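Laboratory data are not the source of any read-out in this text; all were calculated from the coordinates shown. Note that this is a predicted model, so its numbers are computed, not measured. A quick note on method: Cβ atoms are made from the backbone with ideal geometry, for glycine too, and the neighbour counts reach across all protein chains shown.
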Amino acid sequence: MTFSDSAYAAFAAQGRGVRSPEEVSALMKLTPLGPCIGVSVTDIEPRQLGDSDTAAALGEALETHGVLVFPELHCDDASQVAFGKALGEPDVFPIPTGDHAEIFLVTLDPAKNPAASYLQGTFFWHIDGATDDVPNMATMLNAVGVADNGGGTEFCSTYASWDALSADDKAKYKDLRVVHSMEASQRLVYSDPTEAQVADWQARPSKEQPLAWTHESGRTSLVLGATTDHIVGMNRDEGRQLIDHLEAWATDERFVYHHDWTVGDLVMWDNRGTMHRALPYDADSPRLMHRVTLAGDEAFA
């Protein structure tokens, strides 16, 4: 891994750069998991994650590779939260389920998470915060319990899938706008919803977003996923066909990393340049993830 001079200088200017780029790089080993997405991070201890220089190096790796996998790291909640704070601003939940308000429990057990029923929507490809003005920056999951069957997580690079499009396709798609909504994603889970369910979904505002998001970095990604409802100004059926076509393109195996969980794994992804989905697992499964979500710092544009 190379920790760029510019990234190091930015932290040094804040009085936080206490190690050279070479020293920071030597703290860990990065091994690519695929040609365009995913890297395994080893030779690192949980206590190092909250170090500002180490976090900066990992943040750069996240921008480059999209997904960071720390196999069997066995990170405790305090170290996970410290890592999140070193990288950005973790979301805080008004009703904590443990000792840290930044930890959200990902489980289908309603006794542990009252919002468990909504998590079935995560079985479909999505971007966290696609109906917001500013999507989440990144998310990390710490595996406390794993499913006996299913329960893996898949990630795709929406940067790589955009880059692989032809010049003609990029020209056709670059100015299209797509409406995202909670209702669109929940209808994938509930094919025959009650009136109360529909009212609840529709109470949450929909949001028009660019189909092709050009980031402050200059890179462009596709903004798709379960929340996509229709393309603005296009016949609804034709727009739906295009959305389905592009999602199939973006989730082709050449752009995808599949992670099978082991207890102790910590996985983090750049929500702005990826989509992800959980593979189905039983509601009574022991699968339990401790999630820390970082607030976004870049609006859709």
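Observations on the model:
- DSSP loop trypsin sites (Lys or Arg not before Pro) with at most 14 other Cβ within 10 Å: longest gap in the chain: 175-301
- Taking label positions 7 Å along the Cα-Cβ direction at both ALA283 and ALA196, the computed distance is 1.5 nm, reported to one decimal.
- Shown is the FRET efficiency for ASN235 and TYR118, computed with R0 = 35 Å from the Cβ-Cβ distance and rounded to the nearest 0.05: 0.70.
- Alpha-carbon centroids, the range 178-207 and the range 77-121: separation in whole Å: 23 Å
- The range 157-254: C-alpha gyration tensor shape, a/c 1.5 cut-off, then a/b vs b/c: prolate
- Linear extension gain, LYS29 paired with ALA78, 0.36 nm per residue minus alpha-carbon span: 15.3 nm
- Compared with the direct C-alpha span, the chain from PHE93 to ASP252 gains 53.8 nm at full extension, assuming 0.36 nm per residue.
- Only helical runs count toward this figure. For the chain, summing -39,500 (n - 2.57) over DSSP H runs of n ≥ 4 and dividing by all residues gives -7500 deg cm²/dmol at 222 nm.
- Cα shape, the chain, gyration tensor, a/c 1.5 rule: oblate
- Among the lysines of the chain, pairs that are 8 or more positions apart or on different chains and have alpha carbons within less than 25 Å of each other number 5.
- Cα-only Debye scattering, the range 76-127: base-10 log of I(q)/I(0) at q = 0.13, 0.21 Å⁻¹: -0.38, -0.88
- Taking the chain as a Gaussian network of alpha-carbon nodes connected by springs under 10 Å, the highest mean-square fluctuation of the residues ASN271, ASN136, ASN149 belongs to ASN149.
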